[in-house]
Amino acid sequence: MKKIQVSNFKFQILFLAVCSLVACQRTKENPIRINQVGFAPLQEKTATIDVDSLNAAPCEVVIVNAAGDTAWSGVATETMVNPVSGKFRQIVDFSDLQALGEYQIILNNQSTQRFQIAEHPYRELTRKALRAFYYQRASMAIEEPYAEGYARKVGHPDNHVLVHASAATDERPAGTVISSPGGWYDAGDS
């Protein structure tokens, strides 16, 4: 059996060439970070890609529509260090993609992330966030149709509250009865 020897220099060149081909691939988890709620058509649209170093080759990205057709393709335009995590990131700006629809961003034909472009992408998120305040109301019933399946009777009316010694004053001694309805369970005021 003949032994093959490769000079150290040739091996280093081969190793660097292979590394540059996979520089923006990560196997631990999906390296694509994108707004998963969605984007409005004229909104700035960017994704960040986790990379291994500031010297990583620019990542190539393809965005396909629901039919699988290429809607956008390009490369990362900037490499930076995230000031909070200290991780290396590449920025992909695809703001010129404005057509409404469902999309998938694809990195190196393996890592993917779905997103949408819609006229009002945050409408449902906003509705649900505001709905949370209604669900957490103290001293009032939560009723249909607004409860959307989470109706309940009045809880903690707090109209007959005894002042605790730790909150007592000369004008309002411990044991004084006060009425203190309202507020939200999460706010620490009920």
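The values are calculated or read from the model by the stated rules, or taken from the named source; none is laboratory data. Note that the structure is predicted; figures quoted are calculated from it, not measured. Ideal geometry is used to build each Cβ from the backbone, glycine not excepted, and the neighbour counts take in all protein chains shown.
Against the condition touching a residue at least 40 places away in the same chain (Cβ under 8 Å) and among the hydrophobic types (A, V, I, L, M, F, W, C), how does L100 come out, does it pass?
Taking the combined requirement at face value, the residue satisfies it.
The set of residues in segment 92-111 being out of contact with any Cys (no Cβ under 8 Å at 6 or more places or on another chain) and within 12 Å of T48 (Cα to Cα) consists of D93, F94, I105. All conditions in (1) touching a Leu at 6+ places or on another chain (Cβ under 7 Å); (2) within 30 Å of C59 (Cα to Cα) hold for V177, with the sole exception of (2).
Condition (residue is polar (S, T, N, Q), out of contact with any helix residue (DSSP H, G or I) (no Cβ under 7 Å at 6 or more places or on another chain) and part of a loop (DSSP other than H, G, I, E, B)) applied to segment 139-151: is it met by at least one residue? Yes, segment 139-151 contains at least one residue that is polar (S, T, N, Q), out of contact with any helix residue (DSSP H, G or I) (no Cβ under 7 Å at 6 or more places or on another chain) and part of a loop (DSSP other than H, G, I, E, B). For segment 17-29, indicate whether the set of residues that are at pLDDT 95 or above and among the small types (G, A, S) is non-empty. Checked segment 17-29: no residue is at pLDDT 95 or above and among the small types (G, A, S).
With a cut-off of at least 3 residues that are in the same structural domain as I34 (by TED's automatic domain parsing) and charged (D, E, K, R), name the strands (runs of 3 or more DSSP E) lying wholly within segment 49-94. Where strands (runs of 3 or more DSSP E) fall fully within segment 49-94, none carries at least 3 residues being in the same structural domain as I34 (by TED's automatic domain parsing) and charged (D, E, K, R). Specify the residue that is surrounded by the most Cβ atoms within 10 Å (Cβ to Cβ); the eligible residues are those in segment 99-147 that are within 30 Å of N30 (Cβ to Cβ) and among the acidic types (D, E). Across segment 99-147, the extreme among qualifying residues is E102. Taking S166, is it without any contact (Cβ under 8 Å) to a residue 12 or more places away in the chain, assigned by TED's automatic domain parsing to the domain that holds N55 and of a type outside the set (D, E)? It is false that S166 is without any contact (Cβ under 8 Å) to a residue 12 or more places away in the chain, assigned by TED's automatic domain parsing to the domain that holds N55 and of a type outside the set (D, E). Only one entry of R152, R114, R89 meets the criterion of being over 24 Å from T48 (Cβ atoms) and basic (K, R), and that entry is R152. Going through D52, D69, D96 one at a time, which residue ends up being among the charged types (D, E, K, R), surrounded by 15 or more Cβ atoms within 10 Å (Cβ to Cβ) and over 17 Å from the mean Cα position of the chain (by Cα)? Answer to the selection: D52.
So is K153 loosely packed, with under 14 Cβ neighbours inside 10 Å, over 23 Å from A40 (Cβ atoms) and modelled with pLDDT under 95 or not? In short, yes. The listed residues are D93, D158, and the only one of them that is of a type outside the set (S, T, N, Q) and over 25 Å from V37 (Cα atoms) turns out to be D158.
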